[in-house]
Amino acid sequence: MIGCIVLRKCCCNYYFGQANIQFLSENPIYLTIFRIAFLIMIMIGATSDLEIIWQMADLFMGSMAVVNLIAVALLAHIAVRALKDFQDQQKSGIDPIFYRDSIKGVKHAKSRESKVKQQQ
């Protein structure tokens, strides 16, 4: 049972990491580096002492928190623009719909077609 949980967690973490790398860069070398690092971490985790594993988990969780805080700070202006667009649509009595071309700086977002195409 524990093995199934661990396998599911590894698959989920791998998928999230791969999706984020593909979002950040289309260069296949970064994905290859990620895959190699992921396999190395699996081997280290399977063969190391439990105390070392917990220390490494603490280290990587802390560094992940720092990276996420930087990402939130860099994306805050886009989130504020999206909120303003949402509130403006609500004030006009429109059912709010997100169009990626209505907010400057949004790339690779999943949304409806562009606002111009929708109005035609």
(request) List every residue pair whose Cβ atoms sit under 7 Å apart, with the two residues 6 or more apart in sequence or on different chains, where the first one lies in region 1-23 and is touching a residue at least 60 places away in the same chain (Cβ under 8 Å) and the second, anywhere, is open to solvent by 50 Å² or more (accessible area, probe 1.4 Å) and not in a helix (DSSP H, G or I). (result) Phe23/His108
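Within region 55-68, identify whether any single residue is of a type outside the set (Asp, Glu), within 26 Å of Lys107 (Cβ to Cβ) and not in a helix (DSSP H, G or I), and answer yes or no. Steps first, answer last, please.
Taking region 55-68 first, the residues of a type outside the set (Asp, Glu) are 55-57, 59-68.
Add one more test, that the residue is within 26 Å of Lys107 (Cβ to Cβ), and what stays is 63-68.
Next, only the ones that are not in a helix (DSSP H, G or I) stay: none.
Among the residues of region 55-68, not one is of a type outside the set (Asp, Glu), within 26 Å of Lys107 (Cβ to Cβ) and not in a helix (DSSP H, G or I), which makes the answer no.
The values are calculated or read from the model by the stated rules, or taken from the named source; none is laboratory data. For clarity, every value in this text was computed on a predicted model and none was experimentally measured. Note that each Cβ is placed from the backbone with ideal geometry, even for glycine, and that neighbours are counted across all protein chains shown. When the accessible area is computed, the model is the full protein with side chains, heavy atoms only, and any ligands, DNA or RNA have been set aside. Shrake-Rupley method; radii C 1.70, N 1.55, O 1.52, S 1.80 Å.
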